[in-house]
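Presented below is the structure to which this report refers.
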Amino acid sequence: MFHYKLCGLPNVYLENGFSIEETPYGEAFSIQDLKGLHKAIGLCVIESAEALSADEIRYLRKEMDMSQRRLAEFLDVKEITVRKWESGDNAISGTADRLLRFIYKDCVDDKSSIKDMVDRLNQLDKKEHVAMQIQFVETENGWQKKVAAA
């Protein structure tokens, strides 16, 4: 049994799916299908009946590749609120807890519209937002964003 502490959760143990090798620098371990393991951990976390813990909130946020600021904006709370949830200073509210679980569940579905939105929002963290003109045109099917000419 391998205690997998590097995921950031104190209670995760692996029965198999990993290897440990001796190197000149000490033990090294590798995990088969790390992405799949992290998805399974996340799904287990969100299916728990218990309120999300500080470590679990941080885990889910990091698995979605979101900053604390971006998660705060998404949940319509202040960034310091997310920091306090993750430090254990404050408990997450029931509404935010349920919404975070829903967002994570939707994000691990590759066909998800919320996942696409989270990915786009995360890109805003990685580059400076430049305001640009957006044009709309009314069509037979209603208003639509005008596609730029190539």
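Taking θ as phi - 60° and the Karplus parameters 6.51, -1.76 and 1.60, the scalar couplings of the range 85-92 work out to 4, 6, 8, x, 5, 10, 7, 5 Hz in sequence order, x denoting glycine and proline.
How much length is gained if the chain between Leu34 and Leu14 is pulled fully straight, taking 0.36 nm per residue apart and subtracting their Cα-Cα distance, in nm to one decimal? It would help to have the intermediate numbers written out before the result.
On the way: separation 20, 0.36 × 20 = 7.20 nm, distance 1.16 nm.
This chain segment gains 6.0 nm when fully extended.
May I ask you to compute the full-extension gain from Val147 to Phe102, defined as 0.36 nm times their residue separation minus their alpha-carbon distance, rounded to one decimal in nm? The partial results should precede the final answer.
On the way: separation 45, 0.36 × 45 = 16.20 nm, distance 3.25 nm.
Gain in length upon complete extension: 13.0 nm.
For the listed residue pairs Lys39/Lys78; Lys5/Lys84; Lys105/Lys146; Lys84/Lys105; Lys78/Lys146; Lys62/Lys84, the alpha carbons are over 25 angstrom apart in Lys39/Lys78; Lys105/Lys146; Lys78/Lys146.
Values quoted throughout were computed directly from the atomic coordinates according to the rules given, and no laboratory measurement underlies them. It should be emphasised that the depicted structure is a prediction, and the values quoted were computed from it without experimental measurement.
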